[in-house]
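Written out below as structure tokens is the structure these notes cover.
Just so you know, all these numbers are worked out from the coordinates, no wet-lab data involved. Note that this is a predicted model, so its numbers are computed, not measured. For neighbour counting, all protein chains shown are included, and Cβ atoms are generated from backbone atoms with ideal geometry for every residue, glycine included.
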Protein chains: 2
Amino acid sequence: MTADRLTDARLTDADPDRLDRLDGHRPGPVAGIDIGGTKIAVLIVDADGAVLGRATHVSSVGDQDGAVPAIAAALDEALANARLTRNDLIAVGVGVPGRVDPDRGHVTLAVNLGWTDLALRDGLEAAIGRPVVIENDVRAAAIGLHQRGVAAGARDLAYLAVGTGIAAGVILDGRLHRGARGLAGEIGHAIVDRNGPVCACGQRGCLESLVSGPSIARRANVESPQEVYAAAVAGDPGATDLVDDVGRLLAWAIHTLVMTYDVERVVVGGGVSHAGEPFERPLRRELARLRAASDQAAELLPADIVDVLPAEAEAGAWGAVAVARTAFQGSEVVSHA
Amino acid sequence: MTADRLTDARLTDADPDRLDRLDGHRPGPVAGIDIGGTKIAVLIVDADGAVLGRATHVSSVGDQDGAVPAIAAALDEALANARLTRNDLIAVGVGVPGRVDPDRGHVTLAVNLGWTDLALRDGLEAAIGRPVVIENDVRAAAIGLHQRGVAAGARDLAYLAVGTGIAAGVILDGRLHRGARGLAGEIGHAIVDRNGPVCACGQRGCLESLVSGPSIARRANVESPQEVYAAAVAGDPGATDLVDDVGRLLAWAIHTLVMTYDVERVVVGGGVSHAGEPFERPLRRELARLRAASDQAAELLPADIVDVLPAEAEAGAWGAVAVARTAFQGSEVVSHA
């Protein structure tokens, strides 16, 4: 789906008064909203990319009846910080951790939020009176990184998000790759150990069953992956083995993404990666080992191909900003089947 | 690279008299030549897709000095069978098992043929006096399957070739996906067992090190994978275990291709697959097991997503035909980075 098609679809939508809210393609502030399992992050950004305001609501988004009020409240807080009102916004982009149908504006399924077939776009537009576009959060972040940030301008890039779930957003030849059924990039459910633990998806030994945030915590019998990384830093041998294993498995995922897609950049983000150096070191060690073993791996996986984002990169919220801009400000066409 | 760009590049090439050989985009017979490790297969096809003649030279292609004469001799045999001469051909497409630079017309590296940086296009054009286009054999086959055959019209498909090597040719949104460095689809060097055998590429436990034709033979201490399949059919327990393992690993490869690319069709071909039902049964059993375990796998891997080609499909030679047509008869644009 191209940006033009997206806009066309919206302009020809059944609801005629939505036309009044589109305001054409004009410069001005947009909001990017990143929905997480435990927080809602909002960025208000002007046409030049300057941040006008931000807000982070640390609370559960709640069930799907409570979703729209919770998102609107977080948006209003960021607007107040920016000394703006809803009417100043050209558009709002929202990244959702789950399966999204951007054409219909529905969240088809967001397991970790407990949402099923939620008409989030129309609900938010009715609540806030501004045009809204929604996208899967990882894909939104990939679009954002392609437009801005460490991978700006790369024709082919993968954004590997390692958090509550694991998935990749993939830009090929400058365009978002969705796949035939909108499920491209589901590397979290590639099988890395056929004798591994049973994944929530039903398969055994999915990448996600071993190195998602909850899986890392479960493997160490603690509450969070942050505890595991802290223990590894403190010298705990079991925690060190575990974070080394996470690094090996994520290097495998990067290697597999590069071997299949031949992307020129891989950007790693998501909550687990925010552990920083203790997260990054085992990953880079394993990538170096792969590179040393094979000329082909050395060519496909040069040392500078991988970037690990700091939490401050706000990849999710910037991705939501990029999605809003692409849909409503005529930015580069970034999507294809 | 689009077909137009390919043609433009050729028309603006340094050699002015090549213009005379292009003859514009007109209908007429083309030749497709599939270079293998032990044979050269040639198809002569008219503009309507009817086969006018064919030939198979069962002999080593030889070192790179002998490549052009060997290919020209196979072409001439097929032309004689079709009662045509070289001058009747609009163009010749050649599929090569190795790394190909279609813009320069060079075979950069074909390990199994022993060729390095061979200017095959210009050499063949000088020898036969007709326009030539060369392409990697697996990619050529994917282009051919997209234009014709079991996957005709699929917007997104992967052709998984299991032979002397293992690789995938991938069509996304109707176009060949090459990747940033022209190495997309190298699933044969994805790592399936980090404690597995050392692969020719230097890594340990690549898919190719376990289920390529030579690897299957090596694992059974015999000369060819055909012997292993024959022994499995005859009830040999060790051979049965081995062909079951091959099926499991190739199902893993298909699953991984679908989880990353979300293609709507996967076509399996190549010499190993020509063992037929004893090859296909363990593969389909493992795909059914994956499907039964997971709703997501069931959605992404429906039973009819995978086709295994019979040898008679001649996917390589038809792919070379498709490459010739795409470059010289204005067929659909089928390539992007």
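By DSSP, the beta bridges lying fully in chain A are antiparallel in about 60 percent of cases. Helix A:277-293 and the longest principal axis of the C-alpha atoms of chain A enclose an angle of approximately 60°. Placing pseudo-labels 7 Å out from each Cα toward the beta carbon at B:Ala80 and B:Asp244 gives an inter-label distance of 5.1 nm. Placing +1 on the Cβ of every Lys and Arg and -1 on the Cβ of every Asp and Glu, with nothing else charged, gives chain A a dipole about its Cα centre of roughly 280 debye. When Rg and the Kirkwood Rh are both derived from Cα coordinates, the Rg/Rh ratio for the protein assembly as shown amounts to 1.00. Under the simplified labelling scheme, the B:Asn221-B:Asp101 pair shows an inter-label distance of 4.6 nm, with each label point 7 Å from Cα along Cα→Cβ. Comparing B:Glu125, B:Glu264, B:Glu223 in a Gaussian network model of chain B (Cα springs below 10 Å), the most mobile by mean-square fluctuation is B:Glu223.
Helix B:315-328 axis versus longest C-alpha principal axis of chain B: approximately 40°, rounded to the nearest ten.
Region A:80-150 and region B:136-168 have their alpha-carbon centroids 37 Å apart. Comparing B:Gly316, B:Gly93, B:Gly202 in a Gaussian network model of chain B, where Cα atoms under 10 Å apart are tied by springs, the biggest mean-square fluctuation is seen for B:Gly202. Relative contact order of region B:153-308: 23 percent, from C-alpha pairs under 8 Å at least 6 residues apart in sequence. Estimated from helices alone, the mean residue ellipticity of chain A at 222 nm is -12000 deg cm²/dmol (sum of -39500 (n - 2.57) over DSSP H runs with n ≥ 4, per residue). The relative contact order of chain B comes to 21 percent, based on Cα pairs under 8 Å that sit 6 or more residues apart. Our compactness index for region B:153-308, the C-alpha radius of gyration over the empirical 2.2 N^0.38 Å, is 1.01. If R0 equals 25 Å, the separation of the Cβ atoms of B:Ala298 and B:Asp193 corresponds to a calculated FRET efficiency of about 0.45. Hydrodynamic estimate: the Kirkwood radius of chain A over Cα pairs, inserted into Stokes-Einstein at 20 °C and 1.002 mPa s, corresponds to D of 106 µm²/s.
Within the listed set B:Glu280, B:Glu208, B:Glu312, the Gaussian network model of chain B (springs between alpha-carbon atoms below 10 Å) gives the highest mean-square fluctuation for B:Glu312. The long axis of helix B:64-81 is offset from the longest Cα principal axis of chain B by roughly 80 degrees. Taking the Cα centre of region A:152-280 as reference, the dipole from Cβ charges on Lys and Arg (+1) and Asp and Glu (-1) amounts to some 540 debye.
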